[in-house]
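Enquirer: I am attaching a structure below and will ask some questions about it afterwards.
The values are calculated or read from the model by the stated rules, or taken from the named source; none is laboratory data. Not measured: the values here are computed from a predicted model. Quick reminder, even Gly has a Cβ in these numbers, built from the backbone with ideal geometry, and neighbours come from all protein chains shown.
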Amino acid sequence: MDKSYTQPQPVGATGGGKFAYWVICPIFTLGIWLIFLHVGRKNKIRKMGMKVDESESGIDIQLARRADTLTKLIDSVKSAIKFESDLLGKITELRSKASSGASVTEKSEINSEFDSIQRKVNVAMENYPDLKSNSNILKLQEAIRDVEDNIAASRRIYNSNVTAYNQQIIVWPNNVVAEKMQLQTKVLFVATKAQKQDIKIDLGLGI
């Protein structure tokens, strides 16, 4: 072909060039776009999973605080009220269980057991007006109420994050990415039918 360009020349491409332009280039571009999209979806799911883990750790902290505060309350009143000897050991056991990789369902059960202990201690203290007016005990009871409020708030945050996470990974095309990452939906922090019933713990209070 004359490359002097002194005369108009027809322009054309080989079959291979046309194939590369119309087929290979779009496929390559689409592939790069899909890779970035896939990575973006993975990162978003991971970030949402981290939010769930962080909010679950908030529940762990409050359960530990509740155990510690309840222990201090019982220590303060045990000289006046006769408790079962292993009661404090039970609270310690629950605290340890909550912080040793317990599932969300188990943590909900632990919180229910703390509820039961707290209710029965409160009932026992009704017979001791002096204890009810003790400033240190009043402060501990206020601290327990504060922890209970914090647990409720932590539960709401956790459940909100779990709901958003579950909704994110079950819809297409995110479910394709989630399956590749071997993910599962997470469990809400809720009371089961059995947990809603009063858990029987013998405190030796005669009530």
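Enquirer: Which condition number in (1) at pLDDT 85 or above; (2) closer than 21 Å to Leu94 by Cα; (3) surrounded by 15 or more Cβ atoms within 10 Å (Cβ to Cβ) is the one that Arg145 fails?
Expert: Single failed check for Arg145: (3).
Enquirer: Follow-up question, since we're still on this one. List the helices (runs of 4 or more DSSP H) that sit entirely inside the stretch 124-195 and contain at least 1 residues that are over 30 Å from Lys42 (Cα atoms).
Expert: 129-133, 135-170
Enquirer: Kindly list, by first and then second residue, each pair from a residue in the stretch 109-126 that is in contact (Cβ under 8 Å) with a residue 12 or more places away in the chain to a residue that is outside any helix (DSSP H, G or I) and surrounded by 18 or more Cβ atoms within 10 Å (Cβ to Cβ), limited to pairs with Cβ atoms under 8 Å and residues at least 6 apart or on different chains.
Expert: Listed pairs, sorted by first residue: Ile117/Leu203; Lys120/Leu203; Val121/Leu203; Ala124/Leu203.
Enquirer: So if I check each of Ile81, Ile59, which one is β-branched (Val, Ile, Thr), surrounded by 15 or more Cβ atoms within 10 Å (Cβ to Cβ) and within 19 Å of Val187 (Cβ to Cβ)?
Expert: The match here is Ile59.
Enquirer: Related question: I'd like to know if the stretch 67-85 contains one or more residues that are under 26 Å from Val162 (Cβ atoms) and either among the polar types (S, T, N, Q) or in contact with a Leu (Cβ under 7 Å, 6 or more places away or on another chain) (or both).
Expert: yes
Enquirer: Would you please name the residue that is surrounded by the fewest Cβ atoms within 10 Å (Cβ to Cβ), looking only at residues in the stretch 88-109 that are under 15 Å from the mean Cα position of the chain (by Cα), assigned to a helix (DSSP H, G or I) and not acidic (Asp, Glu)?
Expert: Among residues in the stretch 88-109 that are under 15 Å from the mean Cα position of the chain (by Cα), assigned to a helix (DSSP H, G or I) and not acidic (Asp, Glu), the one surrounded by the fewest Cβ atoms within 10 Å (Cβ to Cβ) is Thr105.
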